[in-house]
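Asker: Sharing a structure, written as structure tokens. Questions coming.
The values are calculated or read from the model by the stated rules, or taken from the named source; none is laboratory data. Since the structure is predicted, the reported quantities are computational estimates derived from the model, not experimental observations. Cβ sites come from the backbone with ideal geometry, for glycine too, and all protein chains shown count toward neighbours. Areas reflect the complete protein model, heavy atoms only, side chains present, ligands, DNA and RNA absent. Shrake-Rupley method; radii C 1.70, N 1.55, O 1.52, S 1.80 Å.
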Amino acid sequence: MPSRKTLLEHWERSLQQSGVDSPRLSAQVLLAHILGMQRLDMLLDVNTPVDEHCILRMDALGRRRMNGEPVAYLVGEKEFYGFTFYVGPGVLIPRPETELILDHLLETLDPDACLQFLDVGTGSGALAVSCANLFLHSRVAAVDISLEALKVARKNALFHNVQDRIVFLQGDLLESLRIDSFDVVLANLPYVPLTTKETLSREVLCHEPHGALFSGLDGLDCYRALAHSLYEAMKPGALLLCEIDHSQGLAMIDLFSGIAQNVRILKDYAGRDRLAVVVF
Ligand code: GLN
């Protein structure tokens, strides 16, 4: 029987040849998933032999990975802000850049406050569930237009035992919601400009839901609709945080400065505009 090391080297080479992102990490995450182990524990005993069943399962998942399927969909989960989230092809895989929203909330809000959050376009529920976990006296409403996404988000709320403080609603953006009851609105809406579609990796483009990524030619259709619904509807002092594309900072200032007290654009760790912080 080959060792873990031999199997990993084989798959790292095959994945590299097929041009997928992070071939080594992909091979390690898939094998750890098959073995039911943490990746680092698996690597501590890298000379342990692997059995036939494991080789066959690695073959099946490795081939799908070679085809560009994201690792998170293959293993059914993704880590976000230190929490584990179920994910599947019906929801966007949580991105590390979205963690910036939670960093900002923790920097500016009292973790013991009784806050009402709204997460619009919740997807896997990563933001909604993390908020419920980080702000233990808060309540969260999580909205998505996709029933499939809401199913995943509910499963994540149950997994993290915060289902009593989150209500899930199906709807298009803010339709039929009482906006003035919320202290904080979080929005990681689709924002990728259709004009930049060709620059996305094939893994994203061929496997993640386009409805969660694109929003018109300049990517701002959803945020324009959101601004329209929020006009004169937010409680004074309420906060809106929107994740954006690096090209959209000025356009977001234009969009919200007429309807809010203050709009600021924050940068991500790569130094690019990523977050619009709007105070009403
Ligand atoms: N950040 C994601 C990407 O670049 C897009 C997320 C979104 O549209 N909300 O793939």
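Asker: Ordering SER176, SER14 by how much accessible area each has at a 1.4 Å probe, largest first, what is the list? Don't skip to the answer; put the middle values down first.
Answerer: Details: SER176 120, SER14 20 Å².
Descending order: SER176, SER14.
Asker: Could I ask something else about it? Tell me what the chain gives for mean residue ellipticity at 222 nm when only DSSP H runs of n ≥ 4 count, each as -39,500 (n - 2.57), the sum divided by the residue total, rounded to 500 deg cm²/dmol.
Answerer: On the way: 11 runs with 110 residues, N = 280.
So the calculated ellipticity at 222 nm is -11500 deg cm²/dmol.
Asker: Could you check what % of the DSSP bridge pairs in the chain are antiparallel, to the nearest 5?
Answerer: Details: 16 of 35 bridges.
Rounded to the nearest five, the antiparallel share is 45 percent.
Asker: Follow-up question, since we're still on this one. Pull up all non-local amide H partners of LYS235: gap of 5 or more, or a different chain, and H-to-H distance under 5 Å with H placed in the peptide plane.
Answerer: Close amide H contacts, sequence-distant or interchain: PHE182.
Asker: How much of the accessible area of the chain, probe 1.4 Å, is carbon plus sulfur, in whole percent? It would help to have the intermediate numbers written out before the result.
Answerer: Working: 7090 of 13660 Å².
Heavy-atom surface of the chain belonging to carbon and sulfur, 1.4 Å probe: 52 percent.
Asker: Net charge near ASP172, counting Lys/Arg +1 and Asp/Glu -1 over other residues with Cβ under 13 Å of its Cβ? Could the numbers behind the result be given before it?
Answerer: Numbers: positive: none; negative: ASP144, GLU175, ASP221.
For residues surrounding ASP172, the net value is -3.
Asker: Placing +1 at every Lys and Arg Cβ and -1 at every Asp and Glu Cβ, with all other atoms neutral, what dipole size does the stretch 124-280 have around its Cα centre, in debye to the nearest 20?
Answerer: Details: 14 positive and 18 negative charges, 87 e Å.
Dipole of the stretch 124-280, to the nearest 20 debye: 420 debye.
Asker: Return the sequence-ordered ³J(HN,Hα) values of the stretch 122-131 in whole Hz as given by the Karplus equation 6.51 cos²θ - 1.76 cosθ + 1.60 applied to θ = phi - 60°, using x for Gly and Pro.
Answerer: 5, x, 6, x, 4, 6, 4, 5, 4, 4
Asker: Cα centroids of the stretch 71-118 and the stretch 1-60: how far apart, whole angstrom?
Answerer: With the stretch 71-118 and the stretch 1-60 each reduced to a Cα centre, they are spaced 27 Å.
Asker: Something else: Output the relative contact order of the stretch 157-268, whole-number percent, from Cα pairs under 8 angstrom with separation of 6+ residues.
Answerer: Details: 99 pairs, mean separation 35.9, N = 112.
Averaging sequence separation for qualifying contacts and normalising by length gives 32 percent for the stretch 157-268.
Asker: Further, regarding this structure: Let me make sure I get this right: for the chain, a, b and c are the square roots of the gyration tensor eigenvalues over alpha carbons, sorted descending. Under 1.5 in a/c it's rounded, otherwise prolate if a/b > b/c, else oblate. Which is it?
Answerer: Details: a/c = 2.38, a/b = 1.81, b/c = 1.32.
Here the chain falls in the prolate category.
Asker: Using all Cα-Cα distances in the stretch 179-280, what percent lands in each 10 angstrom bin from 0 up to the longest?
Answerer: Spelled out bin by bin, the stretch 179-280 gives 16, 46, 29, 9, 0 percent.
Asker: Which loop-located trypsin sites (Lys or Arg not before Pro) does the stretch 172-217 contain, where loop means any DSSP state but H, G, I, E or B and the Cβ has at most 15 other Cβ atoms within 10 Å? Walk me through the numbers on the way to the answer.
Answerer: On the way: sites: ARG178, LYS197, ARG202; in loops: ARG178.
Here the trypsin sites (Lys or Arg not before Pro) that fit, given the DSSP loop and packing criteria, are ARG178.
Asker: Select from SER181, LEU266, SER146 the residue farthest towards the positive end of the dipole of the stretch 143-268; place +1 on Cβ of Lys and Arg, -1 on Cβ of Asp and Glu, and compute about the Cα centre.
Answerer: SER181
Asker: Roughly how many Å² is the accessible area per residue of the chain, as a whole number, for a 1.4 Å probe? If you can, show how the numbers build up before the last one.
Answerer: Numbers: 13660 Å² over 280 residues.
The answer is 49 Å² per residue.
Asker: List the relative contact order of the stretch 1-112 as a percent without decimals, with contacts defined as Cα pairs under 8 Å and 6+ residues apart.
Answerer: Details: 104 pairs, mean separation 25.2, N = 112.
Here the relative contact order equals 23 percent.
Asker: Taking amide H positions as placed in the peptide plane 1.01 Å from N, state which residues far from VAL185 in sequence (5 or more) or on other chains have amide H under 5 Å from it.
Answerer: LEU118, LEU239, LEU240, LEU241
Asker: Amide H of ILE244 versus every other amide H placed in the peptide plane: which residues, excluding those fewer than 5 positions away on the same chain, fall under 5 Å?
Answerer: LEU275, ALA276
Asker: By per-residue mean of other Cβ atoms within 10 Å, what is the highest-first order of 164-171, 39-46?
Answerer: Numbers: 164-171: 15.6, 39-46: 12.6.
So the order, starting with the most tightly packed, is 164-171, 39-46.
Asker: What pairs from LYS5/LYS197; LYS5/LYS78; LYS197/LYS235 go past 32 Å between their alpha carbons?
Answerer: Values: LYS5/LYS197 38 Å; LYS5/LYS78 24 Å; LYS197/LYS235 36 Å.
Checking Cα-Cα distances, LYS5/LYS197; LYS197/LYS235 exceed 32 Å.
Asker: While we're on this one: Looking at GLY211, GLY249, SER229, which one has the Cα that reaches farthest to the positive end of the dipole of the stretch 149-280 (charges on Cβ: Lys, Arg +1; Asp, Glu -1)?
Answerer: GLY211
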